[in-house]
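Notes follow the structure.
What follows draws every value from the coordinates through simple rules; no lab data is involved. Quick caveat: nothing in here was measured; it's all calculated off a predicted structure. Neighbour counts are summed over all protein chains in view; Cβ atoms, including those assigned to glycine, are modelled from backbone coordinates with ideal geometry.
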Amino acid sequence: MKKRKKWSKRVLALAVSASMLFSGQTFVFAMDNAATLAVSEEGMKGYWDFEGSDPMINGGTDNGLKGQLKGNAVSVKNTDTEFGSVLHFDKRNGESARMLIPSAINSGGEDMTISLWLNRSSTLNSSAKTIILQQSGNGRTLLYNQNEQYVTYISAADVPLGNSKGMDKWEHLVLVKSGQSPYTVKLYVNGEQTSQKELSQGAVNAVTDLIIGAHKNTGDTGQFEGDIDELRIYNRAVTEEEVQALFAEHENVVLEQELSGIRKSLKSLIDEAKETYDENQLEDGNAQRIALKEAIEKAENILETAKTKEELQAGFDELNAALKAYNDAAMMLTIDPGEVSRTIGDAIFGINHRYGFNGYGSFDSETMQMKEDFTKLYDEAGFGSLRYPGGTISNLFNWKETIGDKENRVPQIHGFYNNAGQHGLMPNFGLGEVADFVQANDSELVYVYALARGDADDAADLVEYLNAEVGSNPNGGTAWADVRAKNGHEEPFDVRYFEIGNEMYQGGTDGTTAQTYWIDDVPGGALEGYVNGGTATFKKQYAVVEGDWNESQSYSDGSADQVFYMRYARVEKDKNAEGYADFTAVNKGSVHVYVAGEEWNLVDDLSAVSADEKAAWVDYKTGAIHFGDGVHGAIPAKGGQIRVDYSVDRDGFVAISQSMRDTMDQINEYNRENGIEEKEFYAYSSFETENFVTKMHNEGCDTLYDGLTIHPYSGTPSGGSTSESARETFYYDAMKKGDAQAAKVQNYVTLMQKYDSTKVPVISEYGIFRSTDKMVRSQTHALYIARAIMEYVKLGSPYIQKHCLVDWYSDGADSLGPTQQAVIQAVSVGGDTATGEGEFKFFSTPSARVFEMLNSSFGNQVTKASLNAKQMLDNGVAQYSVLTSKDEEGNVYAAIVNLNLESENQMQVRVDGYDLSGKTMEIQQISGATFYTENTLEEPDNVKVERHTEAIEGENAVLTLKPHSFTVVKIVDALNETEEPEGKVSTAILEYALGLAKTADTKGVVASVVEKFNKAMENAQELLDKVADGDTSVTQEMIDESWKELISVMQYLSFKQGDKTDLEKVAAMANGLDLNNYLSDGQDVFLAALEVANKVLENEDAMQDEVDSAWRNLLKAMADLRLKPDKSALEELVNTAKGIDMSGNSEEEVQNMQTALAYAVEVLEDEETTKEEVAKAEEDLRAAMSVVAASEKEENVQNQNQDVQESKVVASVDRNSDTNEQTTDSGSNAKSAKTADMTNIDTMMVILVMAGAILAVGITAKKRQNR
């Protein structure tokens, strides 16, 4: 058998680690423990340590077992840890990756144990399932991790087994299964048993493959990422002692991880404490400040010297307590009542409700009233607005079928109408009932109009029904206000907020998951369909029956006179309206009807066809399909499915919004003429995408929508309610997810207001979704809601409605989401949750208490407020969330969430410009015994609103904030006195500003700023001294001017003096240049740049940008200078040419020679000639001389030229960078023109090198600055 992995290495590593980290006594114990806990090999049929040339070879007793690696994301990887080689999983790429051990286990037919070391990567999504151990075939998932919790599905049900120690950490897992039926499953994590479950069924009695790291279905999600090692399979249940031995093999790894983790935590806390201390929020003599400094020094010493985690933990706890005490003493909330950011109405804090199932049991269909005990809870919460008919469930709601006598109403279509068992919903809780309810209970109705069912005409009728005065008839046809009066409500309901559809951007499968309905069946797709409508075309779509769109109803029952409908036909137009005669619900000529796949004929009159003719008649006003009775027209055979082709012209948002607005304009015109107050109207889009906003703007339709309905649900948080650590994980992750959603809403606001500053977000659903954990019913969700409300108030939402008002008390969910979401829970007491009929009892969750507090005590003018420090949780979420307001009576309000789980905190509340001494605070608070406390039917007040009053003793109020609490404080009459008693001045701001100034660093700041800063500090100190001495000449205005001046000057302390090192180098070189050696072209620019550079050098206030600009411009000007060429070679050549005897040459040769010589002389005498011109003159003259020398004097001339060349070769060859290019066409050995001297060449090379170096430094600095 293969030996266990490097036991000697493990012992040595343990010994070394222990010698460094533990006392001698602890080390001896660890060694003794390692020596006595031997790993048993009995029954170990499989063992893989992933070492050696073939890491898949089994080191256990069963030679028939061998591992296989499948997929390109799994491999054996060498590490520098004591684990050596490990099984490594990267991020999935294509098919899932796994280790496969064929025919390894029988989970139902034998006892077994699987042991492994595991290190899950932080790249995993902790809220998604991650498969650890899986069976093939009919086998199940033996172990997976989700939300930091290990779960088994061995019994065909999810059974939690315990929590992980975290990601990026090695942990040891042992899964033990023993017995047959019933059987026991145990999980050990790091040697400790986390769970023992007695199960009775589900384990598959068959030999299966064992799959490591992936689901058996290769396309499924759940891919593991991270490392696995020391995999063992036993054909028996190991004992607890054996588990301890297995863990002891690498126990030191866990110990080192724990020690490292607490060291990091302590270091982070020290850094935080230092930063807090340096902010000088408390005076030097303050007791908490002194204690914090001492605790920091002690913690630093512990961090350096401690050997055990107990020492480190003690240092952490002591510093943490000192920091908390400091923060409590320093934490200040300042409210500025003079700056109002927005005004909010009574509708702001609202709720989403749904008509179905008798309003989820809240409505009594016999009395046609809301149930009294439910209404009592509703009134306690004081909801300002109620959304109806709901969310998804509203998308196919036909309002005209829900008004009037109950007996005449038609079942409504669920938004997910084709889920199994989902049939029509009786609208007992109809439009009239909900409108009466909200008016009777001081709420406002927000209506969701079903774009997927209705059209522009129908929407206009709705506005008229809700808002028109009796006696008016804005659109002609039926007088809908009169219909309303006949139904028992003469006065208009005055509904001003309309959402057009619900989440209609969400695709999927029509009838089960999608909310696009027909809009993605028009040319251009869903966005075009939603915005502009269009012709939707359907082929062989199953037909539906009135009040039930489930596919199960699309089959013939074999009876006579059956009627089916085309699903997305338009609702029938008002028969009394103009144009009804021309109206069609679907397009004529587009309809084809099929029974059991066979097309039937369409006829205009069934009474005219024979008994066996396969015919149908289409009612184009309603979209109904009528079949015969067996006398006139055949009856579709029982069980035959009815399908239909058709097309229909549908209206989109633009047409519907315009029609509703036009109707409202007519209503307001009538109101003006009759002395009635005009009413408001707002239409909001439910197509929550950036593309909608852009499209509306591009098509000139911005005025037709007033904002975007946004549903910022959190997503499922990690963790859960299985343990304390899992609950904390859930709590912190939920808050972090909430912050992410608030940022998403802000992005939408920014986009909309880019085109129109009046556009707003409309938050009509939000919450922790889609978790079914009972944490959603707890205090945690209440705090989540309070924080969300604060953010969305600040972002301008006209109403903020939680999903949802009421749902069934359960541990699960329906197609619309988790039932735990509801702020009021309905408990069946013999009631039927399938219909909402019967008796239900109700209780309020902690979330309802948030609404109770805000709706009973908060002002309508939101004010500016700020905290003097931002306390952050470890996951980056702010500990405190704050929203403040005031009202017309002079009261000031503050709503505060405190997310601290450990202990209560203190916070001072300051109202800017007001002394609160003697004022009264009315305080409301919810916290619960724990952050996961929930209410129940039996104990409905586990979390309730605690109320009390306190007198304010000092200038500022002091609040005590319980852990995991939400607090609303009302400072009564806070603004109803003069800001300051006569003769008294407030120096608090000036003192604090001066304290900040004393810590400011003026090193390197430009001289003029430092001078102003020092003067402002002197002035501030002088005023404070005068006030301390009782000098009454100091006024509040002088104090305020002083701190404003000081802060203003401090804002300029970032104006640092520029580093002139580079400028000095460049200027020194420039000042040393002899311009006589350069052409005049470029010298003016150079001299101007040099003058600027010298001035910047002398300027003490010059900042870096100015300095950098000066040397760069000067360097460029130097680089652009051009040296005068060296003419010595040309001069010698001219002298030679002048001495040539040309008496034997032809006239043409003499003329050419004289021309070349004349040009050469002209170049010699021209001070501004260029090196190119010198080269050309030399080249031309040599050519002419060579022709003259071709006669009998050729040899002498050549000798002369050779002498000249040899005398100048050292000075001439390769002087200029262009030398190699200066050759003659004839291939002669002509030399290039020389430059002035080697010194000038060297100078230019140095300039170029410096330019490159300095520019590189500048670019590097710029990159560093931009990071």
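Table for the structure above
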{"read-out": "Cα-derived Rg over Rh, computed across segment 988-1050 with Rh taken as Kirkwood radius", "value": "1.00"}
{"read-out": "Label-point separation, Ala420 to Thr367 (7 Å along Cα→Cβ), nm", "value": "3.8 nm"}
{"read-out": "The chain - share of DSSP beta bridges that are antiparallel (%, nearest 5)", "value": "80 percent"}
{"read-out": "Spacing of the two label points (7 Å from each Cα toward its C-beta) at Met1103 and Ala1158, in nm", "value": "6.4 nm"}
{"read-out": "Calculated Rg and Dmax of segment 525-681 using C-alpha coordinates, Å", "value": "19.9, 66"}
{"read-out": "Segment 606-700, Rg to Rh (Cα coordinates; Rh as Kirkwood inverse mean 1/r)", "value": "1.28"}
{"read-out": "Karplus-derived 3J(HN,Hα), 6.51/-1.76/1.60, for each residue of segment 820-830, Hz, glycine and proline x", "value": "5, 4, 5, 7, 10, 9, 9, 9, 5, 10, x"}
{"read-out": "Where labels lie 7 Å past Cα in the beta-carbon direction, separation of Ala988 and Lys1056 in nm", "value": "3.6 nm"}
{"read-out": "Residues with amide H under 5 Å from that of Asp1059, placed H, sequence gap 5 or more", "value": "none"}
{"read-out": "Segment 257-330 - charge dipole about Cα centre, Lys and Arg +1 at Cβ, Asp and Glu -1, debye rounded to 20", "value": "260 debye"}
{"read-out": "Gain in span if fully extended, Asn976 to Glu613, counting 0.36 nm per residue against the direct Cα distance", "value": "122.0 nm"}
{"read-out": "Charge-dipole axis of segment 37-249 as Lys and Arg at +1 and Asp and Glu at -1 on Cβ define it, positive-most pick from Leu116, Gln149, Val204", "value": "Val204"}
{"read-out": "Likely footprinting exposure, Arg672, Arg787, Arg643, Arg263, fewest C-beta neighbours within 10 Å first", "value": "Arg672, Arg263, Arg643, Arg787"}
{"read-out": "Space enclosed by the convex hull of the alpha-carbon atoms of the chain, per residue, Å³", "value": "339 Å³"}
{"read-out": "Pairwise FRET efficiency - Ala743 versus Ala128, Cβ, R0 = 25 Å, nearest 0.05", "value": "0.70"}
{"read-out": "Kirkwood Rh in Å, taken over segment 995-1123 so that all alpha-carbon pairs contribute", "value": "17.7 Å"}
{"read-out": "Rg/Rh ratio calculated on Cα atoms of segment 32-170 (Kirkwood radius)", "value": "0.95"}
{"read-out": "Residues in segment 617-659 reached by a label modelled at Thr535 [backbone nitrogen below 13 Å; 7 Å Cα→Cβ]", "value": "646-650"}
{"read-out": "FRET efficiency, 1/(1 + (r/R0)^6) with R0 56 Å, evaluated for Ser103 and Glu546 via beta carbons", "value": "0.45"}
{"read-out": "Alpha carbon Rg of segment 535-587, scaled by the compact-globule rule 2.2 N^0.38 Å", "value": "1.37"}
{"read-out": "Phi to ³J(HN,Hα) by Karplus 6.51 cos²θ - 1.76 cosθ + 1.60 over segment 264-275, Hz, x for Gly, Pro", "value": "4, 5, 5, 4, 4, 5, 4, 4, 5, 5, 5, 4"}
{"read-out": "Contour minus Cα-Cα distance for Asn408 and Ser856 (0.36 nm per residue)", "value": "157.3 nm"}
{"read-out": "Cα shape, segment 388-449, gyration tensor, a/c 1.5 rule", "value": "oblate"}
{"read-out": "3J(HN,Hα) from dihedral phi, segment 515-525, Karplus parametrisation 6.51/-1.76/1.60, rounded to Hz, x for glycine, proline", "value": "10, 8, 6, 8, 5, 8, 9, 9, x, x, x"}
{"read-out": "Spatial extent of segment 257-330: Rg and Dmax, with the Cα atoms as the point set, Å", "value": "12.2, 40"}
{"read-out": "Segment 675-758, Cα convex hull volume normalised per residue, Å³", "value": "133 Å³"}
{"read-out": "Most positive-pole-ward Cα, Val762, Tyr1159, Val593, against dipole of the chain from beta carbon charges", "value": "Val593"}
{"read-out": "Whole-angstrom Cα spans of segment 859-927 along principal axes, big to small", "value": "40, 21, 21"}
{"read-out": "Cβ crowding within 10 Å averaged over residues, with 875-881, 544-550 ranked highest first", "value": "544-550, 875-881"}
{"read-out": "Potential extension, Asn286-Asn674 segment - 0.36 nm per residue separation minus Cα distance", "value": "132.7 nm"}
{"read-out": "The chain, dipole about Cα centre (Lys/Arg Cβ +1, Asp/Glu Cβ -1), debye to the nearest 20", "value": "4620 debye"}
{"read-out": "Per-residue [θ]222 nm for the chain (sum of -39500 (n - 2.57) over DSSP H runs n ≥ 4, rounded to 500)", "value": "-11500 deg cm²/dmol"}
{"read-out": "Globularity ratio of segment 711-793, using Cα Rg and 2.2 N^0.38 Å", "value": "1.21"}
{"read-out": "Unit charges at the beta carbon, dipole of segment 257-330: most positive-side option, Gln313, Asn286, Ala325", "value": "Gln313"}
{"read-out": "P(r) of segment 447-506 over all Cα-Cα pairs, binned every 5 Å from zero, in whole percent", "value": "4, 19, 27, 20, 17, 7, 4, 2, 0"}
{"read-out": "Enclosed volume per residue, in Å³, of the convex hull spanned by Cα atoms of segment 891-957", "value": "104 Å³"}
